[in-house]
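Since the structure comes first, as structure tokens, the remarks are kept for the end.
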Amino acid sequence: MTRKPSDRDEAQGAASALAPIALPAPALAGRGTLAAALRRRRTTREIGGKPLPLQTLSDLLWAACGVNRKLGPFGMPGRTAASASNSQEIDVYVVLKQGTYLYDPRGNRLTPAAAGDLRPLAISHGQGGGESAPVRLVYVADIDRLANTAGFAEPGLRDPDVQRSYYYVDAGLIAANVYLFAASLGLAAWFHNCDKPALAAKLNLRPDQRPLFAQTVGYPAK
Ligand SMILES: Cc1cc2nc3c(=O)[nH]c(=O)nc-3n(C[C@H](O)[C@H](O)[C@H](O)COP(=O)(O)O)c2cc1C
């Protein structure tokens, strides 16, 4: 008996048209000082369409929440961004023109998640702007990873209010890293709302995976 393809099958079929992207090893030596980046940090909404070199994308993602030590708390790798109980529950989806990929910090690569240009959905409906910017990062909380953390299992991790406070903070810490990395390179960065239901559908997320915010990065428009 043939089965009607589900939305999940279709999304996976579309994503399978994309190849994984192996990222070059992060190379952030000589990127300027933290003090200079703090002085330059700001939201820039006028962003041009020029693509980011793959090395810059790799460096950006590593700065966001990459692995910065093999052995961090609770026996897991440590990351550039702190997370509650080292749960590492925020996934970064990298929205590019040709498709959307899930950043795999341990493998240092991008795994295809959906084909097609989702950049217009990575900003909230009615807000618009920046659709031609090369990269939009979408921060998605995985509640299951938080509730069943491999880290310190404190009771609060099963309380929805506590969970919410944790995953919003954890996403904010990643976004702050992105702002500072962008400032250090003279890139434009813009943290903003996103179309959560549309992204959840297109990325085929489970109900306990929640898109929270997005951040657009590129070169400042001339
Ligand atoms: C939680 C949060 C949500 C935001 N949402 C939006 C948004 O939807 N659209 C937008 O243009 N800017 C958004 N911003 C950017 C802020 O407007 C911006 O950071 C603020 O005006 C301060 O400007 P600065 O980043 O240049 O210091 C958001 C910032 C935060 C922290």
### Task
Under 21 Å between C-alpha atoms is the cut-off here; go through the chain and count lysine pairs that meet it, provided they're at least eight residues apart or on different chains.
6
### Task
Among GLY99, GLY130, PRO53, flag the residue with its Cα farthest along the positive direction of the charge dipole of the range 27-134, charges on Cβ as +1 for Lys/Arg and -1 for Asp/Glu.
PRO53
## Note on the structure
Across PRO160, PRO211, PRO51, the residue with the highest GNM fluctuation in the chain (Cα network, 10 Å cutoff) is PRO160
### Query
How much mean residue ellipticity at 222 nm does the chain get from its helices, if each DSSP H run of length 4 or more adds -39500 (n - 2.57) and you divide by all residues, to the nearest 500 deg cm²/dmol?
-9000 deg cm²/dmol
### Message
Using amide H atoms built in the peptide plane, which far-off residues or other-chain residues are under 5 Å from LEU102 H to H?
### Response
VAL94, THR111, ALA113
### Task
Summarise the accessible area of the chain (1.4 Å probe, protein heavy atoms) by the percent that is carbon and sulfur.
57 percent
### Message
With a cut-off of 8 Å between alpha carbons and a minimum separation of six or more residues, what is the relative contact order of the chain in percent?
### Response
29 percent
### Message
Could you report the range 43-191's accessible area per residue, 1.4 Å probe, as an integer in Å²?
### Response
40 Å²
## Note on the structure
By the Cα gyration tensor axes a ≥ b ≥ c (a/c under 1.5 gives rounded; else a/b larger than b/c gives prolate, otherwise oblate), the shape of the range 41-158 is prolate
### Fluctuation leader among LEU34, LEU173, LEU185 - the chain, Gaussian network, Cα springs under 10 angstrom
LEU34
### Query
How would you order 212-221, 186-195 from highest to lowest mean count of nearby Cβ atoms within 10 Å?
212-221, 186-195
### Summary
Scalar couplings 3J(HN,Hα) for the range 28-34 by Karplus 6.51 cos²θ - 1.76 cosθ + 1.60 (θ = phi - 60°), nearest whole Hz, x for Gly and Pro, are 9, 4, x, 8, x, 8, 5
### Message
Given axes a ≥ b ≥ c from the Cα gyration tensor, I'd like to know whether the range 81-123 is rounded (a/c under 1.5), prolate (a/b larger than b/c) or oblate.
### Response
oblate
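The values are calculated or read from the model by the stated rules, or taken from the named source; none is laboratory data. All values derive from a computational prediction rather than experimental measurement. Cβ atoms come from the backbone with ideal geometry, glycine included; neighbour counts cover every protein chain shown. When the accessible area is computed, the model is the full protein with side chains, heavy atoms only, and any ligands, DNA or RNA have been set aside. Shrake-Rupley method; radii C 1.70, N 1.55, O 1.52, S 1.80 Å.
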